[in-house]
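Undergrad: Quick one: the structure is below, and I'll ask about it shortly.
Read-outs throughout are calculated quantities, based only on the coordinates presented, and are distinct from any laboratory measurement. The structure presented is a predicted model; accordingly, all values stated were derived computationally and were not measured. FYI the Cβ positions are ideal-geometry reconstructions off the backbone, even for glycines, and counts take in every protein chain you see.
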Amino acid sequence: MTELKPGYNVRLTVASKEGSRWVLSAGDQTIMLNASEIEGTLNEGDTIEVFLYMNRRGELTATANLPSVTCDTFGWGRVIRIDEKEGAYVDVGSSFEVLVNKADLPRVKALWPKTDDELFMTLRTDLGGNIFGRLATEERVLELINEAPETVFNKTLTARPYRLLPVGSFLLSIPDNYRIFVHQSERQQEPRLGQAVDVRIIEVHKDGTLNGSLLPRKQERLGDDAEMILNYLTEVGGKMPFWDKSSPDEINEMFGLSKAAFKRALGKLMKEGKIEQNDGWTSVK
């Protein structure tokens, strides 16, 4: 009989019931299971799949609430709280929570996950059998991903980052597990580890991996730029000393836009009849 260890799902035989607990056996080993976890009937001689963990008394214990990940599987765990000294505590769908150590999280705390973000992970145990969470490595992710079809090109997918590097973000799509790389030039800000984001697919590789962008489409950017300029005009009394012939440096310093983007936004607002230009000034109509 294989040695029973915490962190794994196993099938055990129901040996007897002692008070409020079932006694499960595997050869000459016995494990306790709280009867309150069982819905329906359970009889001596039945077999049941359970997950093994160490309880607070250091005893190997069984739970019928099977987690979404084990020591030999990978999956998503939901962050339930953050401890700045310890790391992220994660719900894996069972009767206990696991800690992803702060050493495994990004060095920049602004990129740490927040409550309800989800981490792609597995489980590990220390020498005492205590269970912790461990983020999936790139090597394991490459073994677990699905090949994306060409039809996802230019589509928007929901994904979560599992690896953050200065050059860009690596994400897995939900629920298809497509691997997406977003170069740093294709994002306005770096997403958190485990944060759900919408990614526009800009390239499908032959191996089924993807390149994506977190930047809005051109028409969406145009709308955002136009709205920003109109809001600015409203705040300064409806008139500003900038127009489509202003210098690129002036435009960039004031609005953070290129001259081309600034002119496109002004053109949109003029076409909609919201502004007018005259002698170096732009005014609200």
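Undergrad: If you take every residue apart from residue 71 with its C-beta less than 10 Å away from the C-beta of residue 71, what net charge results, scoring Lys and Arg +1 and Asp and Glu -1? Please report the intermediate quantities before stating the final value.
TA: Values: positive: 5, 124, 134; negative: 72.
In short, +2.
Undergrad: Could I ask something else about it? If we count every other residue with Cβ under 12 angstrom of residue 230's Cβ, Lys/Arg +1 and Asp/Glu -1, where does the sum land? Intermediate results must be reported in sequence, preceding the final value.
TA: Numbers: positive: 268, 274, 285; negative: 224, 225, 227, 235, 272.
Charge balance near residue 230 sits at -2.
Undergrad: Compute for the chain: radius of gyration divided by Kirkwood radius, i.e. Rg/Rh, restricted to C-alpha atoms, rounded to two decimals.
TA: Numbers: Rg = 27.4 Å, Rh = 23.0 Å.
Over the Cα atoms of the chain, Rg/Rh equals 1.19.
Undergrad: Here's something else I'd like to know. Using helices alone, what [θ] at 222 nm do you get for the chain, with -39,500 (n - 2.57) per DSSP H run of 4 or more residues, divided over all residues and rounded to the nearest 500?
TA: Numbers: 4 runs with 46 residues, N = 285.
Helix contribution divided over all residues of the chain: -5000 deg cm²/dmol.
Undergrad: Quick one: what are the phi-derived ³J(HN,Hα) couplings along the stretch 178-193, Karplus 6.51/-1.76/1.60 with θ = phi - 60°, whole Hz, x for glycine and proline?
TA: 8, 8, 10, 10, 10, 5, 4, 6, 9, 8, 7, 8, 6, x, 6, 4
Undergrad: So if I place +1 on the C-beta of Lys and Arg and -1 on the C-beta of Asp and Glu, and nothing else carries charge, what would the dipole magnitude of the chain be about its Cα centre? I want it in debye, nearest 20.
TA: On the way: 36 positive and 43 negative charges, 173 e Å.
Magnitude of the dipole: close to 840 debye.
Undergrad: With θ taken as phi - 60° and the coefficients 6.51, -1.76 and 1.60, list the Karplus ³J(HN,Hα) couplings across the stretch 167-176 in order, rounded to whole Hz; mark glycine and proline as x.
TA: 6, x, 10, 9, 10, 10, 6, 10, x, 7
Undergrad: Apply the Karplus curve 6.51 cos²θ - 1.76 cosθ + 1.60, θ = phi - 60°, to the phi angles in the stretch 123-128 and return the couplings in whole Hz, x for Gly and Pro.
TA: 10, 9, 10, 8, 4, x
Undergrad: Which of rounded, prolate or oblate describes the stretch 207-285 when judged by the alpha-carbon gyration tensor and an a/c cut-off of 1.5?
TA: Prolate.
Undergrad: At most 10 other Cβ atoms within 10 Å and a DSSP loop assignment: could you name the GluC sites (Glu not before Pro) in the stretch 36-83 that fit?
TA: On the way: sites: 37, 39, 44, 49, 59; in loops: 39, 44, 59.
Listed in order of number, the matching sites are 39.
Undergrad: I've got another one for you. Please list the non-local residues whose amide H lies under 5 Å from the amide H of residue 282, H modeled 1.01 Å from N, same-chain partners needing a gap of 5 or more.
TA: Amide H neighbours of residue 282, under 5 Å, 5+ apart: 240, 242.
Undergrad: Moving on to the next point. For the stretch 133-252, compute Rg over Rh where Rg is the Cα radius of gyration and Rh is the Kirkwood radius from the inverse mean 1/r over Cα pairs. Each step should come with its number before you reach the end.
TA: On the way: Rg = 18.8 Å, Rh = 16.5 Å.
Result for the stretch 133-252 is an Rg/Rh of 1.14.
Undergrad: What are the residues whose amide H is under 5 Å from the amide H of residue 145, where those residues sit 5 or more places off or on another chain and H is modelled from the backbone?
TA: The list, which skips near neighbours in sequence, is empty: none.
Undergrad: Over the chain, what is the relative contact order in percent, taking alpha-carbon pairs closer than 8 angstrom and at least six residues apart? Intermediate results must be reported in sequence, preceding the final value.
TA: Values: 566 pairs, mean separation 29.9, N = 285.
In percent, rounded to a whole number, it is 10.
Undergrad: What order do you get for 72-80, 139-147 when each peptide is scored by the mean count of other beta carbon atoms within 10 Å, highest first?
TA: Working: 72-80: 18.2, 139-147: 13.4.
Packing proxy ranking, top to bottom: 72-80, 139-147.
Undergrad: Leaving out same-chain residues fewer than 8 places away, which aspartates and glutamates sit with a Cα under 18 Å from that of residue 114?
TA: Correct list for residue 114: 83, 84, 86, 91, 97, 104, 190, 198.
Undergrad: List the residues, sorted by chain then number, that are 5 or more residues from residue 92 or on another chain and whose placed amide H is less than 5 Å from its amide H.
TA: 98
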